[in-house]
Amino acid sequence: MKKMYFIAIYPPQEIIEEVRVFKRDLAVSYGNTMALKNDAHITLFPPFSRELELESDIHVAFQKINTTLSPFEMDLNGFGSFPNPKNPVIFVHPENNVHLTDLHQRVNQQFNFTKYSFNPHMTVGYRDLTWENYLNAWEEYKEKEYKTKFIVDKILLLRHDGKWVPIAEKHLTD
């Protein structure tokens with residue numbers, strides 16, 4: 001049986017709740033309910049599927065990720081979007097961060113079987129967000145203010161069991 005996995009950074013619960021307010025707004029005002037299914041996070045390696053019997057290999061690779069890196073501050077500042085008419089996305093915008101880029105490259109050293117562009121973001125609206133609703137929502141969100149920060153001190157490996165569940169974590173250490 002195949003399962004889905006991915007690797008991410010999760011902010012503290014307080015920020016997850018703050019971002020959930022934006023997700024609820026998009027669900028109520030713009031018919032975008034899919035984003036409510038997931039907690040706020042920054043993806044380091046996108047979802048991939050593997051046979052459940054191979055999960056131990058995923059754990060081994062996850063534990064090999066070099067996390068000898070000081071915990072670092074992640075600034076979130078305003079909103080951004082991917083204006084793709086087939087799959088528009090609105091997100092909380094993380095500011096450029098060399099430590100985040102470094103951490104992503106370290107993950108990629110162990111998980112490199114899929115090529116993808118790394119565009120750090122914290123999704124607010126996607127999937128069932130129509131193009132028309134995206135355009136209306138973006139008019140509101142492009143100028144909306146939201147600023148916060150948190151300390152990135154670990155990464156999580158998650159498995160989809162009806163919802164995304166953390167199955168391993170690795171702390172950043174000096």
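The values are calculated or read from the model by the stated rules, or taken from the named source; none is laboratory data. What you see is a predicted model; the values in this text were computed from it and never measured. In this analysis, Cβ positions are derived from the backbone assuming ideal geometry, glycine residues included, and neighbour counts consider all displayed protein chains. The accessibility values were calculated without ligands, DNA or RNA, using every heavy atom of the protein model including side chains. Shrake-Rupley method; radii C 1.70, N 1.55, O 1.52, S 1.80 Å.
Wrap a convex hull around the Cα atoms of the stretch 86-174, take a quarter of its surface area, and give that in square nanometres. Write down the numbers at each step before the final one.
On the way: hull surface 31.9 nm².
Spelled out: convex hull of the Cα atoms, projected over all directions, averaged, 8.0 nm².
Students often get this wrong, so check it: of Lys37/Lys142; Lys2/Lys64; Lys37/Lys163; Lys3/Lys163; Lys3/Lys64; Lys3/Lys37, which have C-alpha atoms separated by over 19 Å?
Listed pairs above 19 Å: Lys37/Lys142; Lys2/Lys64; Lys3/Lys64.
With bins 5 Å wide starting at 0, give me the P(r) of the stretch 47-131 over every alpha carbon pair, in whole percents.
Taking every Cα pair in the stretch 47-131, the percentages come to 3, 12, 17, 17, 18, 17, 12, 4, 0.
Based on the alpha-carbon gyration tensor of the stretch 56-102, what equivalent-ellipsoid semi-axes (square roots of 5 times the eigenvalues) come out, in whole Å, largest first? Walk me through the numbers on the way to the answer.
On the way: eigenvalues 164, 71, 10 Å².
In descending order the semi-axes read 29, 19, 7 Å.
Would you kindly state how much longer the chain becomes between Val60 and Glu17 on full extension, computed as 0.36 nm times their sequence separation minus their alpha carbon distance, in nm to one decimal? Please report the intermediate quantities before stating the final value.
Details: separation 43, 0.36 × 43 = 15.48 nm, distance 3.20 nm.
Answer, rounded to one decimal: 12.3 nm.
Which whole-Hz couplings ³J(HN,Hα) result when phi for each residue of the stretch 25-42 is put into the Karplus expression 6.51 cos²θ - 1.76 cosθ + 1.60, θ = phi - 60°, listed in order with x for Gly and Pro?
Running phi through 6.51 cos²θ - 1.76 cosθ + 1.60 with θ = phi - 60° gives 4, 5, 5, 6, 8, 10, x, 9, 8, 4, 5, 5, 6, 10, 6, 4, 6, 10 Hz.
Which value in Å does the Kirkwood hydrodynamic radius of the chain take, with 1/r averaged over all unlike C-alpha pairs and then inverted?
Working: mean 1/r = 0.0593 Å⁻¹.
By the Kirkwood definition, the hydrodynamic radius is 16.9 Å.
What does the extension gain come out to for Lys37 and Gln109, with contour length at 0.36 nm per residue minus their alpha carbon separation? Can you show the working numbers first?
On the way: separation 72, 0.36 × 72 = 25.92 nm, distance 2.96 nm.
Additional length available on full extension: 23.0 nm.
For His93, enumerate residues with amide H under 5 Å from its amide H, sequence gap 5+ or separate chain, H modeled in the peptide plane.
Here the answer is Asn77, Gly78, Phe79, Gly80, since their amide H atoms fall under 5 Å of that of His93.
Mind giving me the nanometre distance, one decimal, between the label points for Arg50 and Met1, set 7 Å out from Cα along Cα→Cβ?
Spacing of the two 7 Å Cα→Cβ label points: 1.8 nm.
How far apart, in nm, are the 7 Å Cα→Cβ label points at Lys86 and Lys163?
Inter-label distance under the simple model: 3.1 nm.
May I ask you to rank Met74, Met4 by accessible area, largest first, using a 1.4 Å probe over the protein chains only? Provide the component values of the computation, followed by the final result.
Working: Met74 0, Met4 75 Å².
Correct descending sequence by accessible area is Met4, Met74.
Mind checking the full-extension length gain between Phe150 and Glu132? Use 0.36 nm per residue of separation minus the Cα-Cα distance, one decimal, nm. Numbers along the way, then the final one.
Details: separation 18, 0.36 × 18 = 6.48 nm, distance 3.32 nm.
Going from the current span to full extension adds 3.2 nm.
Over the chain, average the accessible area per residue using a 1.4 Å probe and give it in Å², no decimals.
Working: 9250 Å² over 174 residues.
Heavy-atom SASA per residue in the chain reads 53 Å².
Counting Lys and Arg as +1 and Asp and Glu as -1, each charge on the Cβ, what is the dipole of the stretch 1-151 about the Cα centre in debye, to the nearest 20? Each step should come with its number before you reach the end.
Values: 16 positive and 19 negative charges, 84 e Å.
Around 400 debye, computed over the stretch 1-151.
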